[in-house]
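Visitor: Below you will find the structure I want to go over with you.
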Amino acid sequence: MEAADPVLCAVDARGVASVTLNRPAVNNAYDGALIDGLIAAFARLADDPALRCVVLRGAGRHFQAGADLSFLRHLRTVSPAANFDFSRRTLAAVQGLARFPRPTVALVHGGCFGGGIGIAAACDIAIAAADAVFALSEVRWGITPAPIIPLLVERLGARALGRLGLTGERFDAAEALRIGLVHEVCPAEALAAAGERIVEELLMAAPEATAMTKRLVAEAAATPDTPAFRERIAQEAAARRRLPEAEEGLASFAEKRKPRWYPGG
């Protein structure tokens, strides 16, 4: 039932997780249960040593329609402490997705509004259907996209975010591609295949090297280019070359075969 399962999560034999926002009756608009479901699902997945990557999608006609308006009205009636707690959980859900240790892929179709843009931006890779529609519509409701603003500034830059966050206007998949919100646009009927192609590329990559690369990207974005940081990067590069993954990766390339970490490799 929808109320019991606002977020579906399954992991296949390859170690590929499928996470589905599952409130199609309200276009996957988020409420407390969906936010808590996201936090719980990604906490479980982070503890799975065999996990390779996560694909996130929305059930029904839309990827994610932002906040559930009836839930927002409910939040106006709760205590200030409960209201603040929900904001903290929303921020934790988005930041937890952005900092997830394994690669994440968002497949965006239909509407992607408000918090849905934050969810897509939090993923490492985002692919949109050509007919997807986007908007940071919070200001039109008299609220702000505060929980996702830090992430969106990092992903899109203050200039692009300034216009879209201030106007609340809708924009299409081509514009989402231009500003860097998504990496690729494809026909709606090809979205699943495009996601599977990305998954195949991720499965060919060494699991721990991939996880470390993700950490280094985040670290480099947040760390000044100092001599100490350059030394830390040099140490990481040198140490990584001596690990078994590097030995296997170089051997598989030389022998023109799939690496052992590829499922069935």
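The values are calculated or read from the model by the stated rules, or taken from the named source; none is laboratory data. As the structure is a prediction and not an experimental result, all values here were calculated from the model. Counting neighbours? That spans all protein chains shown, and the Cβs are built from the backbone with ideal geometry, glycine included. We work out accessible area using only protein heavy atoms, side chains counted, and drop any ligands, DNA or RNA first. Shrake-Rupley method; radii C 1.70, N 1.55, O 1.52, S 1.80 Å.
Visitor: Working from the pairwise distances between different alpha carbons, so that the mean of 1/r is found and then inverted, what is the chain's Kirkwood radius in Å?
Guide: Taking the inverse mean of 1/r over all distinct Cα pairs, the chain comes out at 19.6 Å.
Visitor: Using the Kirkwood formula on the Cα atoms of region 4-161, what hydrodynamic radius do you get, in angstrom to one decimal?
Guide: After inverting the mean inverse Cα-Cα distance, the result is 15.8 Å.
Visitor: With each run of n ≥ 4 DSSP H residues scored as -39500 (n - 2.57), what mean residue ellipticity at 222 nm is computed for the chain after dividing by its residue count and rounding to the nearest 500 deg cm²/dmol?
Guide: -15000 deg cm²/dmol
Visitor: Another question, then. For the pair ALA146 and ARG88, how long in nm is the line joining their label points, each one 7 Å along Cα→Cβ?
Guide: It is 1.4 nm.
Visitor: With all pairs of different alpha carbon atoms counted, what Kirkwood hydrodynamic radius in Å does region 223-264 show?
Guide: So the Kirkwood estimate lands at 12.1 Å.
Visitor: So what does log10 I(q)/I(0) come out to for region 180-265 at q = 0.12, 0.16, 0.23, 0.25 Å⁻¹, using the Debye formula with one equal point on every Cα and no solvent?
Guide: -0.55, -0.85, -1.10, -1.17
Visitor: While we're here: Rounded to the nearest 20 Debye, what is the dipole magnitude of region 117-265 about its Cα centre when Lys and Arg each give +1 and Asp and Glu each give -1 at the C-beta?
Guide: 320 debye
Visitor: Find, among the GluC sites (Glu not before Pro) in region 160-265, those assigned to loop by DSSP (not H, G, I, E, B) with at most 15 other beta-carbon atoms within 10 angstrom.
Guide: GLU169, GLU255
Visitor: Provide, as a two-decimal number, the C-alpha radius of gyration of region 111-265 over 2.2 N^0.38 Å, N being how many residues it has.
Guide: 1.30
Visitor: Using a 1.4 Å probe, what is the accessible area per residue for region 41-177, in Å²?
Guide: I get 45 Å² per residue for this part.
Visitor: Normalised by the number of residues in the chain, what is the relative contact order in percent for Cα pairs under 8 Å and 6+ residues apart?
Guide: Answer for the chain is 15 percent.
Visitor: Sticking with this structure for a sec: With axes computed from alpha carbons, what is the tilt in degrees of helix 158-167 against the longest principal axis of the chain, rounded to the nearest 10 within 0 to 90?
Guide: 30 degrees
Visitor: Please give the per residue volume of the convex hull enclosing the alpha carbon atoms of region 179-223, rounded to a whole number of Å³.
Guide: Considering the Cα atoms of region 179-223, their hull volume per residue is 76 Å³.
Visitor: For region 73-187, what number results from the quotient of the Cα radius of gyration and 2.2 N^0.38 Å?
Guide: 1.07
Visitor: If I model a spin label at ARG159 and ARG241 as a point 7 Å from the Cα along the Cα→Cβ vector, what separation in nanometres do I get?
Guide: Result: 3.8 nm between the two label points.
Visitor: Please compute the net charge surrounding GLY110, taking Lys and Arg as +1 and Asp and Glu as -1 over other residues with Cβ under 11 Å from its Cβ.
Guide: Around GLY110, the charge tally is +1.
Visitor: Still on this model: Round to a whole number: what % of the accessible area of region 80-222 belongs to carbon and sulfur, probe 1.4 Å?
Guide: The computed percentage sits at 60.
Visitor: Something else about it: What distance in nm separates the simple spin-label points at HIS74 and GLU248, each placed 7 Å from Cα in the Cβ direction?
Guide: With each label point 7 Å from Cα toward Cβ, the separation is 4.6 nm.
Visitor: From zero outward in steps of 5 Å, how is the percent of C-alpha pairs of region 18-66 spread across the bins?
Guide: Each 5 Å bin holds this share of Cα pairs: 5, 21, 27, 22, 14, 8, 3.
Visitor: Rounded to the nearest 5, what % of DSSP beta bridges with both residues in the chain are antiparallel?
Guide: Of those bridges, close to 30 percent are antiparallel.
Visitor: If N is the number of residues in region 51-106, what value comes out of its Cα radius of gyration divided by 2.2 N^0.38 Å?
Guide: Its radius of gyration relative to the 2.2 N^0.38 Å reference: 1.44.
Visitor: Hey, got the dipole for the chain? About the Cα centre, +1 on K and R Cβ, -1 on D and E Cβ, debye to the nearest 20?
Guide: Roughly 320 debye, rounded to the nearest 20.
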